[in-house]
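All remarks here apply to the structure that follows.
The values are calculated or read from the model by the stated rules, or taken from the named source; none is laboratory data. If you're wondering where the values come from, they're calculated on a predicted model, not measured in any experiment. Glycine gets a Cβ as well: all are built from the backbone with ideal geometry, and neighbour counts include every protein chain shown. Keep in mind that these areas ignore ligands, DNA and RNA; they rest on the heavy atoms of the full protein, side chains included. Shrake-Rupley method; radii C 1.70, N 1.55, O 1.52, S 1.80 Å.
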Amino acid sequence: MRKNSIVILDFGSQYNQLITRRVRELGVYAELLPYHISPEELKKHEPLGIILSGGPASVYMDNAPKIHADILAMGIPILGICYGMQLLVHMNGGEVEQADKQEFGKAKLQVSAHPLFKDVENNSTVWMSHNDHVTKTPAGFQGIASTNNSNAAIADDQKKFYGLQFHPEVTHSQHGHKMIENFIFNICSCNKNWSMANYAEETIQNIRKTVGDQKVILGLSGGVDSSVCAVLIHKAIGDNLTCIFVDTGLLRLNEGKQVMETYGEHFHMNIIYVDAEERFLTHLKGVKDPEQKRKLIGGDFIEVFKEEAEKLKGAEFLAQGTIYPDVIESISINSGGTTIKSHHNVGGLPEKLGFKLLEPLRNLFKDEVRKLGEELGIERKMIYRHPFPGPGLAIRIIGEVTKPYADILRKADAIFIEELYNHDLYDKTSQAFAGLLPIHSVGVMGDIRTYEQPVVLRAVSTSDFMTAHFTPFSNEFLEIVSTRITNEVKGINRVFFDITNKPPATIEYE
Ligand code: GLN
């Protein structure tokens, strides 16, 4: 919780994370909270402005979600977006009805001279997505902008209540950013003080205060979140942080070495390297079912981590790289209660390990975590790595997992990734890797018949990983990769390229 920021109350719009990010990009801290927050709880945040998000409900329905009426009397400027505007109208005595036809897509906005529209050109494009419309504005409100068929923006300048029927947060709304900027600076008088440099400094102080001279342990995977988390905590408490790195035998080529070099040697962190390859692979012997693989690996991981943690006497805190989207996902807007469900971090460590939790990244979006990492001096290459799944290569080796399979796949994968870097394609791809298929086919090498396995190259472009397009590489590039893999990796005699999108396929193979 931070004071003097913007609070966004969540009515379930698919864009509510975007609103939060837009405000932060402007240098002001913003937080998404459930719409049913109590006035007392809200007061603790001392917000300088409130944004009511859009949402799927209609305000005239019986159980329509509403904010507590006292929030309207707190004297804080409020900007309602779509459902949020309709709610402001409804709760202030105006009327909202279902329209004859829905308005979805682009519209041209006629604006009047108003602080909310400072530097907003007339006739610019805005993005609409609604069925309901305002048929009577409440007393005190006036129309401040219009499109062809709706009351597009309204204001009560006395109370500082504003409503936009369109979505300023999406990029299709040409001057939407400007309107959000006008609201937070001209109307709410926010200060620009949200930067990763400030955040790092503040958080380091807070960690010192919270932890004192107690000890902290952290499961370091080499991924962005756990790495940034580790470096941040290390800056705060130095050797009182111990990281545990578990080599499952299912990691990428040289992963362990790279992590030890970067974080152990370069950053001088205490890292316990646990070589658990045999344990994991023995356990996976004969297992072909993807879900069973995941369960076994998750279970083993917890066991190994627990054993190591127990050896380390006196650790009080468990640090985790939980980030804001994980937290937001667990805000249940339909629960009706005010509690935010606790999130189980992706690493899969259960709450019951008996530690106090330290989650210094839980307010940050992924791109903010990366910026923070750069701020802390972590090499760009480590920060902009593609995501890597917890079960590792086990879900990229279709069917049974063995050490020779993992070794083959590691080599093929490393060649693919190296060539992506060589051709300046790595950063243009959201996730790329090789998979191993459990089949054999005939080939010929040096006049000798081969009967070996194929690898499949998978590369996708996506902004949110919910949907994804396969990345269309040039034939030249694919040929370079295919030639290198078949030449350099014994056991592979064929290379496929996966041209399936998500959906219908998933990004990973199992
Ligand atoms: N459900 C409301 C409508 O249809 C609000 C939609 C929204 O917020 N996008 O008008």
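The residues of the range 225-245 that are open to solvent by less than 10 Å² (accessible area, probe 1.4 Å) and not small (Gly, Ala, Ser), listed by number, are Val228, Cys229, Val231, Leu232, Ile233, Leu241, Cys243, Ile244, Phe245.
Here the condition is being more than 16 Å from the ligand (Cβ to nearest atom), within 26 Å of Glu368 (Cα to Cα), modelled with pLDDT of 95 or more and open to solvent by 40 Å² or more (accessible area, probe 1.4 Å); of Asn193, Asn186, it holds for Asn186 alone. Determine whether Thr135 is open to solvent by 40 Å² or more (accessible area, probe 1.4 Å) and among the β-branched types (Val, Ile, Thr). For Thr135, the condition - open to solvent by 40 Å² or more (accessible area, probe 1.4 Å) and among the β-branched types (Val, Ile, Thr) - is met. Residues in the range 138-149 that are open to solvent by 10 Å² or more (accessible area, probe 1.4 Å) and more than 36 Å from the chain's Cα centre (by Cα) were compared, and the one that is nearest to the ligand (Cβ to nearest atom) is Asn149. Among the residues of the range 150-172, is there at least one that is assigned to a loop (DSSP other than H, G, I, E, B), surrounded by fewer than 16 Cβ atoms within 10 Å (Cβ to Cβ), of a type in the set (Val, Ile, Thr) and more than 13 Å from the ligand (Cβ to nearest atom)? The answer is yes, given that some residue of the range 150-172 is assigned to a loop (DSSP other than H, G, I, E, B), surrounded by fewer than 16 Cβ atoms within 10 Å (Cβ to Cβ), of a type in the set (Val, Ile, Thr) and more than 13 Å from the ligand (Cβ to nearest atom). In the range 195-229, the residue that is farthest from Asp326 (Cα to Cα) out of those that are among the hydroxyl-bearing types (Ser, Thr, Tyr) and in a helix (DSSP H, G or I) is Thr210.
Which of the residues belonging to the range 68-93 are within 15 Å of the ligand (Cβ to nearest atom), open to solvent by less than 10 Å² (accessible area, probe 1.4 Å) and farther than 22 Å from Val170 by Cα? Matches in the range 68-93: Val89 only.
Note on the range 1-54: residues that are part of a loop (DSSP other than H, G, I, E, B) and within 16 Å of the ligand (Cβ to nearest atom) amount to 8. Considering the range 94-104, the residues that are charged (D, E, K, R) and over 32 Å from the mean Cα position of the chain (by Cα) include one that is nearest to the ligand (Cβ to nearest atom), namely Glu97. Restricted to the range 94-107, and to residues there that are within 17 Å of Thr147 (Cβ to Cβ) and not aliphatic (A, V, I, L, M), the residue that is most open to solvent (accessible area, probe 1.4 Å) is Asp100.
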